[in-house]
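To keep things clear, I will list the structure first and then write my remarks on it.
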Amino acid sequence: MRVLGIESSCDETAASVVDVSDDLSRATVLSDVIATQIAVHAPYGGVVPELASRAHLRAISPVIKQAVDEAGGWSAVDALAVTQGPGLAGALLVGVQCAKAIALARSLPMVGVNHLQGHLLAAFLDREMVVGDKPAFPFVALVASGGHTALYRVDSPSAIRELGATRDDAAGEAFDKVAKLCGLGYPGGPVIDRLAQKGDPTKIPMPRPMRAKRSLEFSFSGLKTAVAQWVEVHGVPAEGAGLEDLAASVQAAIVDTLVRKLVAACEREGVLRAVLSGGVAANKTLREQTKRTCEKHGITAHVPPAKSCTDNAAMIAFAGATKLIAGERADLTMEVRTTWSPGEVPR
Ligand code: KG4
Ligand code: ZN
């Protein structure tokens, strides 16, 4: 089944056609088009919802057209999958309304997809994995992005249970807020990742909240406060060793926490397969540390390439295919869901 996936939940307008076999063992990405809004939001240091909606409106038709053309035209599309939530209402509406119009005009079956389910299943796309192979069920997954940070146990494409989530900021949000404080631009993750490679992560002590607790919850808001207080005393370091040490110290606090909890979740569940996803999973140190620490604990790590981890429509097409193959269908009454309890089986 060839599924056209449409994604517009946050600041990327994306469309992709994925050819998925009925037994889900094959998921060939035929096209994968993304129009990023980074330049639109960069001056504000974060996503501005109203600007996001307008940018989606401008981009959605050309992005879908390119994805369909590259896959061989409309005759190559059997069904539609669109991100129904969670995300920004105005942004989601653009994708969902567009999908409804296409479904109606072309008489194509359609399903709404939970964006987080897309992230959780992204490792099943036929792309070269960075660490390990495609996972088998069950596995434990960490989704760490700009809007979400949570651990899940995934027993099948539709049997997903949340094990713990952040109480406040998401990991990507922490990277972005610290970068904004230091005048490093938006998004913060990639620039801190780059600076941190040369820095000393032990130079500036940073808090690692919820560390001692056995709980699988996270809290990252204190990190931003700690950096703000440090900057008030020391000022923002100039480019060079000082800034690199600050970046490395902040990154280490986030990465240590994520990896520690991922391993704890695997051990608690007795599931020795760990999957990374979400934009923060593009982080070089997070990938390396996950691989090393998992190896030490007898856990197999599965890390997809960055383009599967950051927001994309191929993951939505694949997650949609699992629902379509199971016989699910949405109709034109489908509504967007700005919050959609992660772990609640998407329907
Ligand atoms: O999954 P994603 O593309 O969009 C959301 O659903 O939020 O994630 C974007 C987030 C941003 O906060 C960005 O700073 C972070 O992922 N990010 C990174 C890296 N690349 C992107 N964080 C750390 N290191 C990176 N290399
Ligand atoms: Zn995402």
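Every number here is computed from the coordinates shown, using simple stated rules; none is lab data. As the structure is a prediction and not an experimental result, all values here were calculated from the model. Heads up, the Cβs are rebuilt from the backbone with ideal geometry, glycines too, and the neighbour counts pull from every protein chain shown.
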Apply the Karplus parameterisation 6.51 cos²θ - 1.76 cosθ + 1.60, with θ equal to phi minus 60°, to every residue of region 306-321 and state each ³J(HN,Hα) to the nearest whole Hz, in sequence, with x for glycine and proline.
3, 5, 8, 7, 6, 4, 7, 9, 5, 5, 6, 4, 5, 4, x, 4
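Calculate the tail of P(r) for the chain: the fraction of all Cα-Cα distances greater than 25 Å, expressed in %.
Beyond 25 Å sits 50 percent of the P(r) for the chain.
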Phi to ³J(HN,Hα) by Karplus 6.51 cos²θ - 1.76 cosθ + 1.60 over region 289-298, Hz, x for Gly, Pro
5, 4, 4, 4, 5, 4, 3, 4, 9, x
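Counting other C-beta atoms within 10 Å, which of MET315, MET206, MET1 has the fewest, and how do the rest follow?
MET1, MET206, MET315
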Phi-based couplings in Hz for region 59-68 (Karplus 6.51, -1.76, 1.60; Gly and Pro marked x)
8, 4, 5, x, 5, 5, 4, 4, 5, 6
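If each residue's Cβ is checked for other Cβ atoms within 10 Å, how do LEU216, LEU184, LEU24 rank with the fewest at the top?
LEU24, LEU216, LEU184
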Would you mind counting up the charge near LYS134? Only other residues with Cβ under 14 Å from its Cβ, with Lys and Arg at +1 and Asp and Glu at -1.
-1
Could you give the length gained by full extension between LYS198 and GLU162, i.e. 0.36 nm per residue of separation minus their alpha carbon distance, to one decimal place?
9.4 nm
Sorted by Cβ neighbour density within 10 Å, fewest at the top, the residues LYS100, LYS65, LYS177:
LYS65, LYS100, LYS177
For a paramagnetic label modelled at 7 Å from the Cα of ARG26 toward its Cβ, which residues of region 297-321 fall within the zone defined by backbone nitrogen distances under 17 Å?
318, 321
Report the net charge of residues surrounding SER107, where surrounding means a beta-carbon distance below 15 angstrom and charges are Lys +1, Arg +1, Asp -1, Glu -1.
+1
Could you work out the equivalent-ellipsoid semi-axes for region 139-304, taking the square root of 5 times each eigenvalue of the Cα gyration tensor, largest first, in whole Å?
28, 15, 14
Among GLU232, GLU12, GLU295, whose mean-square fluctuation peaks in a Gaussian network model of the chain (Cα, cutoff 10 Å)?
GLU232
Taking a threshold of 30 Å on the Cα-Cα distance, which of the pairs LYS203/LYS307; LYS180/LYS296; LYS198/LYS291; LYS224/LYS284 fall above it?
LYS203/LYS307; LYS180/LYS296
Most fluctuating residue given options THR333, THR257, THR13, as computed from a GNM of the chain linking Cα atoms under 10 Å
THR333
Using DSSP to call loops (not H, G, I, E or B), can you name the trypsin sites (Lys or Arg not before Pro) in region 197-304 whose Cβ has at most 15 other Cβ atoms within 10 angstrom?
LYS198, LYS203, ARG211, LYS213, ARG214
Counting DSSP beta bridges with both partners in the chain, what percentage is antiparallel, nearest 5?
60
Using a Gaussian network model of the chain with C-alpha springs under 10 Å, which one of ALA165, ALA103, ALA67 is most mobile by mean-square fluctuation?
ALA103
